[in-house]
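Accompanying notes for the structure given below.
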Amino acid sequence: MAAVAAGVLVIEAVAIAFVNLMLGLAVKRQSMSLGGLAPTAMSTGAFVAAGLIGLFLLTCAAIAVRAAVADRAPGRFARILLIVCAVAHCVLGAAVVGMIGWLAFVAMMVGLGLVVATLVLYAGLRPAESGGTAAQQ
């Protein structure tokens, strides 16, 4: 389940980064402005958002891959990142249903379900410790 979640997160990272890059290019080429904000600031913000969101989702995918390979629960910080990823999927799912449609909502909810399943399925397993092996509780 964690490996499937990692695959979906990689696909989402590429798709969201691509959409942000296209939005940044459109804003830059058409010299769009919103509320008096400079078009260069808006396009730069879209480019930075593409990189940060893509990096965040790829980091979450790497955490899921590590959990799948080690067959252990992620550590505390990794679990926090996966929880933030799940919350972000909820918020984005609520936003895309109005802007894009129900198919995008379903895609976000599938991603949410896979991230939550990764968190829940490894809940009974102790995270990998730095000094030794981890056993099941």
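What's the number of the only condition in (1) modelled with pLDDT of 90 or more; (2) under 27 Å from Tyr122 (Cα atoms) that Met22 fails to meet?
All conditions are met except number (2).
So the check is Cβ under 6 Å with 6+ separation or different chains; which pairs have a first residue in the stretch 28-57 that's basic (Lys, Arg) and a second one that's surrounded by 12 or more Cβ atoms within 10 Å (Cβ to Cβ)?
Here the result reads Lys28/Ser43, each pair linking the stretch 28-57 to a residue that is surrounded by 12 or more Cβ atoms within 10 Å (Cβ to Cβ).
Answer with yes or no whether Ile63 is surrounded by fewer than 17 Cβ atoms within 10 Å (Cβ to Cβ) and at pLDDT 90 or above. Step through it out loud before you land on a result.
Values: surrounded by fewer than 17 Cβ atoms within 10 Å (Cβ to Cβ): no; at pLDDT 90 or above: yes.
Criteria not met by Ile63.
Looking at the stretch 31-82, which of the residues that are polar (S, T, N, Q) and part of a loop (DSSP other than H, G, I, E, B) is farthest from the chain's Cα centre (by Cα)? Show your work before the answer.
Residues of the stretch 31-82 polar (S, T, N, Q): 31, 33, 40, 43-44, 59.
Subset that is part of a loop (DSSP other than H, G, I, E, B): 31, 33.
Numbers: Ser31: 30, Ser33: 28 Å.
Selected residue: Ser31.
The values are calculated or read from the model by the stated rules, or taken from the named source; none is laboratory data. Keep in mind the model is a prediction, meaning the values are calculated, not measured. Cβ coordinates were reconstructed from backbone atoms using ideal geometry, including for glycine residues, and neighbour counts include every protein chain displayed.
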